[in-house]
1. Measuring from centroid to centroid over Cα atoms, what is the spacing of the stretch A:81-143 and the stretch B:50-96 in Å?
2. I need B:331, A:163, B:260, A:32 ordered by Cβ neighbour count within 10 Å, fewest first.
3. Tell me the relative contact order for chain A as a rounded percent, counting alpha carbon contacts under 8 Å between residues six or more apart.
4. Per 0.36 nm of contour for each residue apart, how much would the distance between residue B:58 and residue B:190 grow if the chain were fully extended, relative to their Cα-Cα spacing?
5. From the backbone phi of the stretch A:70-78, what are the Karplus-calculated ³J(HN,Hα) couplings (6.51 cos²θ - 1.76 cosθ + 1.60, θ = phi - 60°) in whole Hz, Gly and Pro given as x?
6. When you count, for each residue, the other Cβ atoms within 10 Å and take the mean per peptide, how do B:190-203, B:207-220 rank with the highest first?
7. Lys/Arg Cβ at +1, Asp/Glu Cβ at -1, dipole of the protein assembly as shown taken about the Cα centre: which of B:123, A:216, B:50 is farthest positive-ward?
8. Arranged from highest to lowest average of other beta-carbon atoms within 10 Å per residue, in what order do the peptides A:280-286, B:182-188 appear?
2 protein chains.
Amino acid sequence: MTTDRPTVARVARHAGVSVASVSRVLNGLPASPETREAVERAAAELGYRPNAFARGLKVRRSQQLALAVADVGNPVYVEMMRAIEDEARIRGYRLLVSSTGGRIDDTLALLDSLGHGYADGLVLSPVRVEPALLDALRGATYPVVVIGTVPTDVRIDNVRANSAGGVRMALEHLHDNGCRRVAFVNGPADTVPGSARRRAFERNVRALGLDPDESLRVEAGDFTLAEGRKAAEALLARTVPDAVLGGNDLLAIATMQVLSEHDLRIPEDVAVVGMDDTELAGVTTPTLTSVGLGALERGRTAARLLLDRLEDPEREVQRVTVQPRMTVRRSSLRGATAGEAR
Amino acid sequence: MTTDRPTVARVARHAGVSVASVSRVLNGLPASPETREAVERAAAELGYRPNAFARGLKVRRSQQLALAVADVGNPVYVEMMRAIEDEARIRGYRLLVSSTGGRIDDTLALLDSLGHGYADGLVLSPVRVEPALLDALRGATYPVVVIGTVPTDVRIDNVRANSAGGVRMALEHLHDNGCRRVAFVNGPADTVPGSARRRAFERNVRALGLDPDESLRVEAGDFTLAEGRKAAEALLARTVPDAVLGGNDLLAIATMQVLSEHDLRIPEDVAVVGMDDTELAGVTTPTLTSVGLGALERGRTAARLLLDRLEDPEREVQRVTVQPRMTVRRSSLRGATAGEAR
DNA sequence: AGGCCTTCTGTAATCGATTACGGAATCGAT
DNA sequence: ATCGATTCCGTAATCGATTACAGAAGGCCT
């Protein structure tokens with residue numbers, strides 16, 4: 001618990017060389033074998049550990065990356081975080097996480113405070129993309145990678161999911177299984193994923209010749225089980241579809257529960273497909289077919305884009321789209337075979 | 001993207017005062033209203049943001065807490081992390097997370113590297129408590145709070161789950177429901193939770209007069225679905241119990257799946273109870289009765305202990321135990337009522 | 001008016017590293 | 001032996017904040 005840690009000066013004295021030599025040896029710069037040996041021995045003997053502040057002050061690097069998501073407990077973000085942390089650690093960076101709770105001012109405050117320099121870059125996954133946020137991003141003094149979509153005039157690396165492709169994949173799958181009246185239990189339309197999935201649903205319903213009945217669409221107040229149940233109840237009070245697409249796995253699972261309570265069999269009476277393909281999909285009864293949007297891959301890609309930009313700030317802005325992948329399980333299967341699809 | 005951020009000197013010049021005054025105003029130390037006004041205006045006009053390194057170098061504080069867990073993707077750790085992040089943010093600290101993968105040398109390396117000073121304290125949740133780890137903890141130059149159990153001679157704040165109490169609660173509940181041949185699908189016995197739960201199981205089987213048949217106990221290779229399935233298969237190949245306690249929710253769910261595949265009804269033929277009470281418990285069919293060990297509360301408590309110790313390094317060593325809480329759902333109910341218990 | 005106390009302020013030292021710069025030593029070639 | 005080119009090394013400046021210390025200014029009392 002003592003506080004007087006040895007400094008570079010003490011190591012230098014102990015080794016009988018100058019501070020410059022100590023620093024050089026410790027940073028792998030050229031030095032004679034004797035000097036090297038003496039410094040290394042002294043450092044080891046004293047248990048020397050360079051002070052991160054002093055070093056950072058001089059070299060202007062914290063070796064830290066920040067990750068900002070709405071909720072660190074959300075399985076999708078957890079997966080991203082895991083990928084980012086992995087990637088960062090491999091390349092010698094630590095990871096700072098912070099929850100913004102989806103609140104725009106908290107996000108702006110974070111963006112601002114990162115200007116203090118304690119992180120070299122930021123991976124941001126905003127729930128809503130507002131003008132104020134874009135302004136802040138434009139003005140940031142450090143590299144940012146956005147997981148999500150940003151307007152093309154904002155010159156920021158980003159990696160996005162292909163929500164539209166995922167919705168199409170799900171609807172084609174249901175169509176192939178003979179479903180025609182496909183309902184959509186979506187999350188809030190004023191969120192990035194909510195609106196994208198909504199538009200894609202419209203488009204593909206038309207393209208595939210599915211029933212365009214407006215009453216087949218409901219919007220839950222949030223991407224949660226509880227809100228999903230309410231929305232599903234509302235849906236069933238109006239009409240009974242032959243399939244349901246959930247805006248995410250929780251909404252799909254909530255719908256399955258409500259369907260069961262109404263004595264509708266899954267998938268015989270109503271087929272169900274979720275989105276995000278979280279761990280939850282494998283444990284329900286029946287197991288849930290779900291379209292994964294590559295959270296892990298998005299996280300990994302975002303981390304790489306950020307680290308690459310730190311190495312070369314001048315490189316061209318990158319925009320990467322991660323493709324969806326559907327895992328077919330029981331909830332949507334009427335006789336066909338299970339498996340994966342791209 | 002420019003790099004020449006204003007410094008305290010520039011603010012001082014712009015405000016027509018000294019650097020000392022600038023620092024004082026910005027840190028809320030006494031100053032005349034005019035000085036205060038001038039400094040605040042200058043700082044705002046220049047968009048001044050204090051450099052975290054320079055400040056940290058002088059005051060020896062990073063305002064950062066570190067959290068080390070085996071796997072940031074594990075729901076139990078996620079919950080802890082969420083609680084810790086919350087608590088830290090409220091008190092003005094940021095949170096660094098890192099996965100140790102449960103490897104002891106990675107953990108030791110982390111302990112060591114924190115000595116560089118980039119975090120003021122650490123919350124550690126070790127999978128296995130080895131002598132080498134204890135040595136490292138004893139030698140740490142910064143406060144550590146352990147989530148888990150440490151020997152009483154190691155003077156380190158810690159907060160522990162009451163695994164034994166949780167197991168007892170589960171077994172009493174099953175006993176009350178008329179079960180007598182209760183099986184235990186546990187995780188590896190060489191982990192902290194694995195061994196504690198194992199011992200508690202033995203003890204309570206005897207205390208409650210349950211069937212002590214050795215063949216009712218199996219050990220999965222890991223706390224995962226896949227290993228759980230294997231273990232459950234092995235169990236059923238030997239004997240059919242009237243109830244199963246899972247070492248965690250995943251093991252319990254895997255067991256439920258295997259039971260269903262063997263045409264055993266839950267809970268009529270076999271009752272099932274899990275541990276940890278993760279989100280998964282609410283989405284299975286039937287829903288899973290599970291004993292929560294208070295991950296969130298352990299996280300919050302750990303954060304508070306750490307922050308309190310940072311404020312007063314001399315305070316007495318604290319040891320807190322968080323009580324379990326069982327949520328009764330369908331998987332264990334033979335006619336009784338659902339609800340919570342302490 | 002003089003002396004003392006209080007309140008503000010500015011100068012300069014300090015935290016602990018990295019690194020520009022110049023000097024010393026060594027070596028080889030002539 | 002002399003010269004230049006290389007290597008290595010040490011001194012001191014630097015990064016950007018905080019803060020000890022001392023001086024200046026103002027108020028109050030006798």
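1. After rounding, the separation between the Cα centres reads 15 Å.
2. A:32, B:260, A:163, B:331
3. So the answer I get is 16 percent.
4. Going from the current span to full extension adds 43.1 nm.
5. Once rounded to whole Hz, the list reads 5, 8, 5, x, 5, x, 5, 6, 4.
6. Going by the mean number of other Cβ atoms within 10 Å, highest first, we get B:190-203, B:207-220.
7. Farthest along the dipole direction, towards plus: B:50.
8. Packing proxy ranking, top to bottom: B:182-188, A:280-286.
Each value in this text was obtained by applying a stated rule to the coordinates, not by laboratory testing. Note that this is a predicted model, so its numbers are computed, not measured. Glycine also receives a Cβ, built like all others from the backbone with ideal geometry; neighbour counts cover every protein chain displayed.
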